[in-house]
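Q: Handing you this structure, nothing more for now.
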Amino acid sequence: MGRPVYINTSTLSKEQLSQYKYGQRKYEFNCYASDMISIHRTLPDFRAPECKSLDYGDELPRACVIVIFHNEAWSVLLRTVHSVIDRSPPQHLKEIVLVDDFSSLEHLKQPLQEYVDKLDKVSLIRAPVRSGLIRARLIGFDKCTAEVAVFLDSHCEATEGWLPPLLHRIKENYTNVLVPIIGAINYETFEYPAPATTLDTISVGGFHWNLIFSFISIPQRERMRLNNARHLPIRSATMAGGLFAISSKFFLELGKYDSEFDIWGGENLELSFKTWMCGGTLETIPCSHVGHVFRVRSPMTRVKTAHPVIRNMKRVAEVWLDEFKEYFNATNPHDKTDIGDISERLALRKNLHCKSFKWYLQNVYPEVFLPGKAKASGEIRSSARPLCIDGERRYFTDSEYKLKFHSCHNQGGNQYWIISDNDEIRLSEWCWDTYGRLAISMYRCHGGKHRQEFLYREDDSIYNPDSGKCVELPETGSVLILADCTDTSRQKWIINRKPPK
Ligand code: UD2
Ligand code: MN
């Protein structure tokens with residue numbers, strides 16, 4: 001029933017402990033716990049009552065579920081597959097296509113082939129070289145014969161009733177692209193906790209100007225439109241990327257993915273932008289729940305270097321962002337990565353008569369923060385020591401960023417701050433906040449000043465009127481502190497007093 005498995009490592013034998021550690025290292029989740037749980041485990045049905053009573057009829061288009069993987073754990077991969085088989089009405093599930101993106105682990109070779117051979121509707125394709133997740137998905141898509149393509153990561157669990165609401169929405173209009181509510185399966189215990197089901201707690205997709213996806217709460221105007229209904233599709237500016245349904249016809253019309261995208265990243269925003277800009281609609285479907293194991297780190301960091309990710313993002317910016325690409329470029333001012341030829345993607349956009357990015361921002365994501373009106377931007381350098389303030393990215397913790405000091409790298413990224421016209425100090429949608437009273441941390445920007453108001457004054461101090469204190473580099477320790485304002489150089493900061501171009 002999705003309950004957590006706690007492993008007390010002190011009770012494990014030496015052999016068990018080494019197995020446990022191997023799993024952690026290899027997958028960045030607790031594979032040892034996953035292996036103790038049935039690959040057919042049941043899950044509670046967390047859908048809102050309004051959802052359970054909906055009837056989608058029997059006349060729905062059929063789905064091809066595409067699951068790509070690179071070196072995935074056995075129990076985790078098979079739980080993904082069986083959750084789909086066990087919880088999809090058979091008449092709506094045409095096929096499951098597994099694409100092995102050139103894995104090296106033994107269990108994914110012959111043993112997986114033999115296992116799959118015994119399953120109905122499931123096929124396994126091997127990418128001949130390491131293709132990266134985008135091209136692996138394209139390989140899978142080309143094998144599909146169903147009207148609808150549903151993509152899932154290889155560490156997911158479909159829950160009761162997940163599929164019909166997605167298919168139904170495509171039946172209503174083939175240009176609807178749908179994402180389920182993503183339940184966060186705990187990477188340590190494999191608990192499937194109750195996902196959000198109210199408009200106050202459900203997250204939809206936003207993005208940062210570095211073209212990283214972020215979850216945001218449902219904007220006020222969308223809540224008004226939904227008028228508190230808990231079962232209606234929620235318009236979403238972007239999708240996280242791993243779990244979604246799209247009609248095969250629409251995916252083809254949109255030029256699938258940019259097949260030049262390598263390894264990881266960028267494809268989620270490309271598809272989100274073009275869905276909206278080229279005549280479609282992207283929605284989060286609150287009646288469809290699918291779990292996903294979110295990890296703190298990627299086990300694939302060795303190939304997930306900055307390089308392909310930046311290159312992918314730059315291609316997205318060049319093709320889709322129009323004049324707004326300057327905001328993206330400002331987050332990586334010195335990057336020289338060659339992005340290759342994009343003429344085909346530009347031609348695609350032209351042929352589809354897609355709308356401008358300005359239209360997208362005004363109509364789909366008017367809440368996005370526009371750095372253009374900022375008072376200052378760039379690095380925040382200490383006058384006392386050769387250090388810059390750095391927002392280290394963390395995943396799925398209370399705050400997406402942790403403030404620390406780092407030597408100034410002049411690469412933008414996590415040292416690229418914006419002081420907004422509202423006197424917030426921002427890294428995309430996250431703001432400095434004095435919630436901790438003595439230390440400064442980062443919380444979602446709320447626009448309400450108080451703890452998030454910082455005046456960058458003529459004397460180079462950064463002053464928080466709410467507490468009457470100044471931001472100080474501590475003599476020891478690694479947190480940025482608030483202290484009574486004095487003349488110390490540890491309270492002087494150098495920031496470029498100009499907005500980004
Ligand atoms: C998120 C998405 C992911 C993708 C990515 C951006 C969710 C829940 N996940 O990151 O689907 O959109 O953002 O690109 O929305 N894989 C390969 N070959 C590779 C690398 C990855 O097959 O070279 C597979 C991997 O086994 C997994 C999937 O691609 O099934 C996504 O990778 P991830 O789980 O590391 O990405 P995630 O969830 O952090
Ligand atoms: Mn994933």
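Q: Within the stretch 303-346, which residues are among the charged types (D, E, K, R), open to solvent by 60 Å² or more (accessible area, probe 1.4 Å) and at pLDDT below 95? Steps first, please.
A: Let us first name the residues in the stretch 303-346 that are among the charged types (D, E, K, R), namely 304, 311, 314-315, 318, 322-323, 325-326, 335-336, 338, 341, 344-345.
This time we only want the ones that are open to solvent by 60 Å² or more (accessible area, probe 1.4 Å), so: 318, 323, 326, 336, 338, 341, 344.
Glu326, Lys336, Asp338 - these are the residues of the stretch 303-346 that are among the charged types (D, E, K, R), open to solvent by 60 Å² or more (accessible area, probe 1.4 Å) and at pLDDT below 95.
Q: Answer yes or no as to whether Ile263 is open to solvent by less than 50 Å² (accessible area, probe 1.4 Å) and in contact with a helix residue (DSSP H, G or I) (Cβ under 9 Å, 6 or more places away or on another chain).
A: Numbers: open to solvent by less than 50 Å² (accessible area, probe 1.4 Å): yes; in contact with a helix residue (DSSP H, G or I) (Cβ under 9 Å, 6 or more places away or on another chain): yes.
When the stated conditions are applied, Ile263 passes them.
Q: Counting only residues that are assigned to a loop (DSSP other than H, G, I, E, B), without any contact (Cβ under 8 Å) to a residue 60 or more places away in the chain and buried (at least 16 other Cβ atoms within 10 Å of the Cβ), how many does the stretch 474-501 have?
A: 1
Q: Something else: Note down all Cβ pairs under 9 Å where the first residue falls in the stretch 236-250 and is touching a residue at least 40 places away in the same chain (Cβ under 8 Å) and under 17 Å from Pro165 (Cα atoms), the second is assigned to a loop (DSSP other than H, G, I, E, B) and within 16 Å of ligand 2 (Cβ to nearest atom), and they're at least six residues apart or on different chains.
A: Correct list of pairs: Leu243/Asp153.
Q: For residues that are open to solvent by 20 Å² or more (accessible area, probe 1.4 Å) and part of a helix (DSSP H, G or I), scanning just the stretch 71-106, find the one that is farthest from ligand 2 (Cβ to nearest atom).
A: Gln91
Q: Being of a type outside the set (Lys, Arg), surrounded by 12 or more Cβ atoms within 10 Å (Cβ to Cβ) and within 30 Å of Asp487 (Cα to Cα) narrows it down to one of Gly378, Gly372, so name that one.
A: The match here is Gly378.
Q: Additional query: Taking the stretch 426-474, which residues are more than 18 Å from Cys388 (Cβ to Cβ) and of a type in the set (D, E, K, R)?
A: Selection gives Glu429, Asp433, Arg437, Arg444, Lys449, Arg451, Glu453, Arg457, Glu458, Asp459, Asp466, Lys469.
Q: Which condition number does Lys109 fail, the rest of (1) farther than 30 Å from Glu59 by Cβ; (2) open to solvent by 10 Å² or more (accessible area, probe 1.4 Å); (3) touching a residue at least 40 places away in the same chain (Cβ under 8 Å); (4) among the basic types (Lys, Arg) being met?
A: The number of the failed condition is (3).
Q: On to the next question. Those residues that are in a loop (DSSP other than H, G, I, E, B) and more than 30 Å from Ile68 (Cα to Cα), I need them from the stretch 223-243; list them, please.
A: Selection gives Asn227, Asn228, Ala229, Arg230.
Q: Identify, please: which residue in the stretch 228-251 is modelled with pLDDT of 95 or more and out of contact with any helix residue (DSSP H, G or I) (no Cβ under 9 Å at 6 or more places or on another chain) and is, among those, surrounded by the fewest Cβ atoms within 10 Å (Cβ to Cβ)?
A: Ranking the candidates gives Lys249 first.
Q: Among the numbered criteria (1) more than 16 Å from ligand 2 (Cβ to nearest atom); (2) aliphatic (A, V, I, L, M); (3) touching a Leu at 6+ places or on another chain (Cβ under 9 Å), which one does Leu252 miss?
A: (3)
Q: Can you tell me which of Val364, Val293, Val316 is touching a residue at least 24 places away in the same chain (Cβ under 8 Å), among the β-branched types (Val, Ile, Thr) and within 16 Å of ligand 2 (Cβ to nearest atom)? Don't jump to the end; show me each part of the working.
A: Numbers: Val364 fails: within 16 Å of ligand 2 (Cβ to nearest atom); Val316 fails: within 16 Å of ligand 2 (Cβ to nearest atom).
Step by step, each of Val364, Val293, Val316 is checked, and only Val293 is touching a residue at least 24 places away in the same chain (Cβ under 8 Å), among the β-branched types (Val, Ile, Thr) and within 16 Å of ligand 2 (Cβ to nearest atom).
Q: On to the next question. Let me spell it out: the conditions are (1) more than 16 Å from ligand 2 (Cβ to nearest atom); (2) not in a loop (DSSP other than H, G, I, E, B), and Gly279 meets all of them except one. Which number is the exception?
A: In the conditions (1) more than 16 Å from ligand 2 (Cβ to nearest atom); (2) not in a loop (DSSP other than H, G, I, E, B), Gly279 misses (2) alone.
Q: Go through the residues of the stretch 167-175 one by one and say whether even a single one is in contact with a Gly (Cβ under 9 Å, 6 or more places away or on another chain), within 16 Å of ligand 2 (Cβ to nearest atom) and either on the phi < 0 side of the Ramachandran plot or open to solvent by 50 Å² or more (accessible area, probe 1.4 Å) (or both).
A: No, the stretch 167-175 contains no residue that is in contact with a Gly (Cβ under 9 Å, 6 or more places away or on another chain), within 16 Å of ligand 2 (Cβ to nearest atom) and either on the phi < 0 side of the Ramachandran plot or open to solvent by 50 Å² or more (accessible area, probe 1.4 Å) (or both).
Q: Go through (1) assigned to a helix (DSSP H, G or I); (2) open to solvent by 50 Å² or more (accessible area, probe 1.4 Å) one by one and return the number of the condition Asp45 breaks.
A: (1)
Q: Would you call Arg130 within 12 Å of ligand 1 (Cβ to nearest atom), under 26 Å from the mean Cα position of the chain (by Cα) and in a loop (DSSP other than H, G, I, E, B)?
A: For Arg130, the condition - within 12 Å of ligand 1 (Cβ to nearest atom), under 26 Å from the mean Cα position of the chain (by Cα) and in a loop (DSSP other than H, G, I, E, B) - is met.
The values are calculated or read from the model by the stated rules, or taken from the named source; none is laboratory data. All values derive from a computational prediction rather than experimental measurement. For neighbour counting, all protein chains shown are included, and Cβ atoms are generated from backbone atoms with ideal geometry for every residue, glycine included. SASA here: full protein model, heavy atoms, side chains in, ligands and nucleic acids out. Shrake-Rupley method; radii C 1.70, N 1.55, O 1.52, S 1.80 Å.
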